[in-house]
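Following: one structure in structure tokens, then a few remarks.
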Number of protein chains: 2
Amino acid sequence: MSPGHIETPVRPPAPCPPDCDGFARELLSRVGDKWSLLIIGHLSNGPLRFSELRRKIEISQRMLTLTLRSLEKDGLITRTQFPTIPPRVDYELTPLGRTLLEPVMGLVLWANRHSGEVEHARARFARTGTQD
Amino acid sequence: MSPGHIETPVRPPAPCPPDCDGFARELLSRVGDKWSLLIIGHLSNGPLRFSELRRKIEISQRMLTLTLRSLEKDGLITRTQFPTIPPRVDYELTPLGRTLLEPVMGLVLWANRHSGEVEHARARFARTGTQD
DNA sequence: CAGCATCCCCGTTGATACTG
DNA sequence: CAGTATCAACGGGGATGCTG
């Protein structure tokens, strides 16, 4: 209000608050859902067929199909169909999907690194109802 | 098969497949759920009270309470109650919670950086039913 | 083998009302 | 202000059966 004052920017460092609202949360939900991350992870070593994914992951065909479709739709994996009998379909990470691998791995590493602390916090919370 | 051949390792770099199964997926679900990430993000600038969070995020008291509880249970935030009238409760990221901020931001940045590509892929998929 | 269609369960979320 | 309690709606996800 006072003249000579520069209106201080309302949000100083603010790395996340506004950024988390839109597409970012949708993405987090995507990799955070029950199956996408598992599939992405298993495809990180190279293409796999439908039945191979099915064997490696404990998942129903239904959910495997649905999840593969939405990953394909988002341009994270490709679907390659071979006109053989019996039919064969390969799924593979796209370049875009591979760029996603790195930040995802960051979270996976965090999880592996800190799982003990979280479990410890849970146990303490169960006992005391708080953690400090 | 042929002698003199070194059996190529079945899983060369294998960053994820085994690691994604257990706690990592649980964590991804946690930050990937509808509210946790939003709350964590808004707390990244410092502590906030219940009502402040409620105002900043479009969320019901119920879900705010539930989500705060489970974040507290996991040792990611602390709950500080002031014995005043009217009552006041502050929520703040723990050191553990703050370490989570970095990998999470990696994903948020990815999302902001590539949202265009994903939307483009979706549009193309809607038109052609595939993306190459 | 790959995948769509149907039915159904149940966990998550939201709306509303009430308490310390 | 900061919750808790209760109820109803929604949607993810499993089981099963059928097709190209």
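Read the figures in this text as sums done on the coordinates, not as results from a lab. This structure is a prediction, so every number in the text was calculated from the model and none was measured. Every residue, glycine as well, gets a Cβ built from its backbone with ideal geometry; the counts of neighbours run over all protein chains shown.
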note = note: region B:27-127, Cα-Cα separations exceeding 21 Å make up a percent value of 41
ask   = Between B:HIS120 and B:GLU52, what is the spin-label point distance in nm, taking each point 7 Å from the Cα along the Cα→C-beta axis?
value = 4.0
inquiry  = Please report, for B:GLU58, the nm distances (one decimal) from its label point, 7 Å out from Cα along the beta-carbon direction, to the equivalent points in the remaining copies, shortest first.
reply    = 3.8
Span from the region A:57-99 Cα centroid across to the region B:35-84 one, whole angstrom = 38
key: Note, ³J(HN,Hα) from phi for region B:88-100, Karplus 6.51, -1.76, 1.60, rounded to Hz, x at Gly and Pro   = 9, 10, 9, 10, 8, 5, 7, x, 4, x, 5, 5, 6
query = Near the amide H of A:ARG88, under 5 Å away, which other amide H atoms are found, from residues 5 or more places off or on another chain, if H is placed in the peptide plane?
reply = A:PHE82
query = Using θ = phi - 60° and the Karplus curve 6.51 cos²θ - 1.76 cosθ + 1.60, what whole-Hz ³J(HN,Hα) does each residue of region B:120-125 get, with Gly and Pro shown as x?
reply = 4, 4, 5, 4, 5, 5
request  = Would you mind checking which residues have amide H under 5 Å from A:THR94's amide H? H placed 1.01 Å from N; only 5 or more apart, or other chain.
outcome  = A:ILE77, A:THR78
inquiry  = Report, in listed order, any pair from B:LYS34/B:LYS73; A:LYS73/B:LYS56; A:LYS56/B:LYS34; A:LYS34/A:LYS56 with a Cα-Cα distance greater than 22 Å.
reply    = A:LYS73/B:LYS56; A:LYS56/B:LYS34
remark   = Sorted by chain and number, the residues with a modelled amide H under 5 Å from that of B:LEU48, at a separation of 5 or more or across chains, are B:TYR91
inquiry  = Under a Cβ-only charge scheme (Lys and Arg +1, Asp and Glu -1), can you give me the dipole magnitude of region A:27-127 about the Cα centre, in debye to the nearest 20?
reply    = 300
